[in-house]
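Contents: one structure, followed by commentary.
The values are calculated or read from the model by the stated rules, or taken from the named source; none is laboratory data. Quick caveat, the model's predicted, so the values are computed rather than measured. Counting neighbours? That spans all protein chains shown, and the Cβs are built from the backbone with ideal geometry, glycine included. To get the accessible areas, we keep the full protein, side chains included, count just its heavy atoms, and leave off ligands, DNA and RNA. Shrake-Rupley method; radii C 1.70, N 1.55, O 1.52, S 1.80 Å.
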Amino acid sequence: MRLPLCDLRRAIDELTALRGLHVDNVYQVSAQEFLFKLTPGPVHLIVSTGRDRARVLVTDHPPAIPDSPPVFGAILRDALRGARLLGAMLLGEDRVVALDFDCGDSARRVVVEAFARQGNLLLLDADGVVERVIDGAVAKRRGTGVGANYKTPPAPDFTDDASCLPDLESADPFAANHALDAMFHAEGKESRAKTEERDRERLLARLKKSVRTIQRELENLADATKLRRDGETLLTHYAQLKKGARSFQGIGLDPKLSPQENIERTFELARKAIRARPILSERLANAGALLARVEAGEPVDERELPSSKPTRETPRKPFRVFLSLDGHRILVGKGGADNDKLTMKIAGPHDLFLHVRNSPGSHVIVPLQRGESVLQETLLDAASLALHYSKMRSANAVEVTYTPRRNVSKPKGAKAGLVSVKQEKVLRLRREPDRIARLLGTPAPGE
């Protein structure tokens with residue numbers, strides 16, 4: 001709402017009735033809006049420089065005070081609290097309002113440039129020098145920055161808008177102020193309602209899109225059971241797989257990957273599908289519930305909405321995680337340097353270390369507490385993983401070394417992954433494709 005100059009003049013004339021009141025407090029309720037509480041009364045004076053909201057009016061609708069107001073409000077409060085209002089007047093032939101205060105030992109003036117498009121508020125000292133200003137860039141362009149003597153902007157060449165006030169026959173000394181304030185309040189209420197409806201429509205569209213996206217992800221989710229069967233087939237016929245092949249018994253392969261990598265990829269896709277289904281189902285249920293609430297007109301906290309930001313990638317781990325038949329975690333190093341990091345830095349002294357004898361391969365760690373013994377199925381599972389992640393993976397039988405981690409050391413200058421083992425035990429292990437397939441196809445916590 002653009003306030004006609006004639007109506008502003010009429011409202012400012014009524015403010016003479018405030019002469020002699022004291023400033024009890026000053027609140028900054030938004031970036032460009034202030035509330036002066038005057039006593040006795042109290043009387044509330046709203047001062048705004050906002051676009052199409054600029055005004056200086058007595059209000060019956062004081063706005064809520066924010067918990068964390070901007071800093072400029074504190075500056076005005078310190079300068080004017082307890083001051084006596086000497087008067088209000090228009091400066092020049094435009095919407096520039098001066099509020100004069102007696103601060104006891106000095107005088108202060110608040111200048112409100114209540115322009116429709118680019119208003120400003122300035123605090124002047126007794127000599128008319130600008131001490132503080134809300135919008136420093138605007139003040140600088142007008143030559144009224146901090147330290148300058150304030151000069152009223154030249155009167156623009158414009159035709160004033162027609163008065164929007166009705167005929168006011170009232171004993172109310174602030175009849176024009178209250179009438180104009182009611183118009184601004186109604187306009188603000190209507191604007192807020194439109195904004196809320198627009199926000200609601202945007203929220204509905206966002207939630208509907210989220211629901212459609214999650215439904216599509218669920219529909220396109222790979223069949224974990226089929227992928228595990230494919231992985232088991234590839235694992236059983238490992239010796240027949242060739243690098244560069246595009247398929248084997250109807251199972252699609254990536255020709256750029258080795259047989260081992262194709263097997264890993266197939267089981268990884270199965271594990272991802274198993275992990276993803278309950279997560280997506282829960283997300284769909286939550287998004288659907290939020291959508292129903294918004295459609296019913298219920299308020300929704302912004303923190304409840306599905307995030308549109310990509311999830312932050314988790315730091316790379318130097319090991320893979322598997323779950324034994326006994327429910328025990330098994331850690332498998334991903335390479336030479338990762339083996340060193342897993343065994344020498346991550347594993348505890350009581351953890352069990354496993355490795356295929358006389359063959360390059362991954363270090364395998366079974367986390368154990370002091371005095372805890374490894375269960376037989378966990379030992380066989382860990383040994384099978386040591387076989388699968390070694391150069392002997394296609395062998396029918398191998399020997400696997402195992403010992404507490406405290407018996408493993410890193411020789412000085414040894415290449416990555418090479419360690420020295422003492423007091424080792426040896427397990428004669430037969431290759432079991434079904435056991436390896438179970439391990440590879442089962443998601444593990446912390447994977």
Tally, over segment 162-182, of residues that are touching a Leu at 6+ places or on another chain (Cβ under 9 Å) and not in a loop (DSSP other than H, G, I, E, B): 7
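Can you tell me which residue within segment 388-400, out of those that are under 44 Å from the mean Cα position of the chain (by Cα) and outside any loop (DSSP other than H, G, I, E, B), is surrounded by the most Cβ atoms within 10 Å (Cβ to Cβ)? Spell out the reasoning first.
To start, the set of residues in segment 388-400 that are under 44 Å from the mean Cα position of the chain (by Cα) comprises 388-390.
Okay, now just the ones that are also outside any loop (DSSP other than H, G, I, E, B), so 388, 390.
Values: His388: 27, Ser390: 20.
Going through the qualifying residues, I end up with His388.
Of these, Gly441, Gly417, which one is under 44 Å from the mean Cα position of the chain (by Cα) and crowded, with 21+ Cβ neighbours inside 10 Å?
Values: Gly417 fails: crowded, with 21+ Cβ neighbours inside 10 Å.
Among Gly441, Gly417, only Gly441 is under 44 Å from the mean Cα position of the chain (by Cα) and crowded, with 21+ Cβ neighbours inside 10 Å.
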Any hit, segment 250-258, residues being more than 30 Å from Ser362 (Cα to Cα) and of a type in the set (Ser, Thr, Tyr): no
Counted residues, segment 333-354 - those being of a type outside the set (A, V, I, L, M), open to solvent by 10 Å² or more (accessible area, probe 1.4 Å) and in contact with a helix residue (DSSP H, G or I) (Cβ under 6 Å, 6 or more places away or on another chain): 2
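Can you pull out every residue in segment 232-260 that is of a type in the set (A, V, I, L, M, F, W, C) and closer than 21 Å to Ala395 by Cα?
Initially, segment 232-260 is screened for residues of a type in the set (A, V, I, L, M, F, W, C), giving 234-235, 239, 241, 245, 248, 251, 253, 257.
Leu234, Leu235, Ala239, Leu241, Phe248, Leu257 - these are the residues of segment 232-260 that are of a type in the set (A, V, I, L, M, F, W, C) and closer than 21 Å to Ala395 by Cα.
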Members of segment 50-61 that are in a loop (DSSP other than H, G, I, E, B) and open to solvent by less than 60 Å² (accessible area, probe 1.4 Å): Gly50, Asp52, Ala54, Thr59
Selected residue (criterion: most open to solvent (accessible area, probe 1.4 Å)) from residues of segment 205-246 that are over 18 Å from Glu268 (Cα atoms) and of a type in the set (A, V, I, L, M): Ala239
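Residue by residue through segment 261-306, note down the ones that are over 35 Å from the mean Cα position of the chain (by Cα) and surrounded by fewer than 17 Cβ atoms within 10 Å (Cβ to Cβ).
First pass over segment 261-306, keeping only residues over 35 Å from the mean Cα position of the chain (by Cα): 261-263.
Passing the criteria: only Glu261.
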Residues that are in a strand (DSSP E or B) and open to solvent by 30 Å² or more (accessible area, probe 1.4 Å), drawn from segment 101-141: Asp102, Ala107, Arg108, Arg109, Val129, Glu131, Arg132
Every residue from segment 368-378 that is within 24 Å of Asp340 (Cβ to Cβ) and touching a Leu at 6+ places or on another chain (Cβ under 7 Å): Leu368, Val374
Answer from Phe174, Phe158 - the residue that is of a type in the set (Phe, Trp, Tyr), touching a helix residue (DSSP H, G or I) at 6+ places or on another chain (Cβ under 7 Å) and closer than 20 Å to Val112 by Cα: Phe174
Complete set of residues in segment 150-204 that are touching a residue at least 40 places away in the same chain (Cβ under 8 Å), surrounded by 10 or more Cβ atoms within 10 Å (Cβ to Cβ), more than 18 Å from Leu15 (Cα to Cα) and among the small types (Gly, Ala, Ser): Ala155, Ser163, Gly188
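Yes or no, residue by residue, for (1) touching a residue at least 24 places away in the same chain (Cβ under 8 Å); (2) farther than 15 Å from Gly327 by Cα:
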| residue | (1), (2) |
| --- | --- |
| Ser362 | yes, yes |
| Leu375 | yes, no |
| Ala397 | yes, yes |
| Gly417 | yes, yes |
| Ser420 | no, yes |
| Lys425 | yes, yes |
| Arg435 | yes, no |
| Thr442 | yes, no |
Residue list for segment 401-447, restricted to those being among the charged types (D, E, K, R), over 23 Å from Leu235 (Cβ atoms) and part of a helix (DSSP H, G or I): Arg405, Arg406
Any chance Glu372 is open to solvent by 60 Å² or more (accessible area, probe 1.4 Å) and not in a strand (DSSP E or B): yes
Filtered residues of segment 1-49 (kept if open to solvent by 10 Å² or more (accessible area, probe 1.4 Å) and among the small types (Gly, Ala, Ser)): Ala17, Gly20, Ser30, Ala31, Gly41
Enumeration of residues in segment 72-89 that are assigned to a helix (DSSP H, G or I) and open to solvent by 50 Å² or more (accessible area, probe 1.4 Å): Arg77, Asp78
